[in-house]
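The numbers here are math on the coordinates, done by the rules we state, and not lab data. Keep in mind that what you see is a predicted model, and the values were worked out from it rather than measured. Cβ placement follows ideal geometry from the backbone for every residue including glycine, while neighbour counts extend to all protein chains displayed.
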Amino acid sequence: MMPHSRPLTTYLLSAPQFELARPPTDAVSSLAFAPTAPTRLLVASWDKNVYLYDTHAGGEGEGGSLLQTFEHRAPVLDVCFGADDNEAFTACVDWHVRRSVKPDR
C-alpha cells in the first residue's frame, strides 16, 4: 500500500450517492452514461426492462427523472449507447441483442 493511501472501500463509502426516482423492480445488471450528455443514464435490469434517466431533471434530491422504459422479453444483462445518445444496444439472457432508438423531440 502506498503511503497516505486509503483502501478502496473507504473511497466507495465516501463517494456521493444517488438514488433514482422510479428505480427498477429487480436487480440492476448494467449502467451506461451517455457519451455526449453525461446526465443521461441507461440502466439494464433483471425485471426485463431498460430505463433511460436524466439524472439532473426533477430538482435537487428528487432522484432525476425517468424519461423512457424499453421493455424486453427476457432479463437484460448489458446495455450501451450507440453512435449517439439516441441509440442504445441491449443484450438479454435469451441471447438476443436489440437496438433501440429514442425519437428526437
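For PHE33, PHE81, the sequence from fewest to most other C-beta atoms within 10 Å is PHE33, PHE81.
Distance between the pseudo-spin-label points of ARG22 and VAL101 (7 Å out from Cα toward the beta carbon): 2.4 nm. Here the range 21-101 is treated with +1 on each Lys and Arg Cβ and -1 on each Asp and Glu Cβ, and its dipole about the Cα centre works out to around 200 debye.
Arranged from fewest to most other beta-carbon atoms within 10 Å of their beta carbon, ARG22, ARG98 become ARG22, ARG98. Ordering SER65, SER45 from the fewest to the most neighbouring beta carbons within 10 Å gives SER65, SER45.
Computed from label points 7 Å out along Cα-Cβ, the spacing between HIS56 and ASP84 is 1.9 nm.
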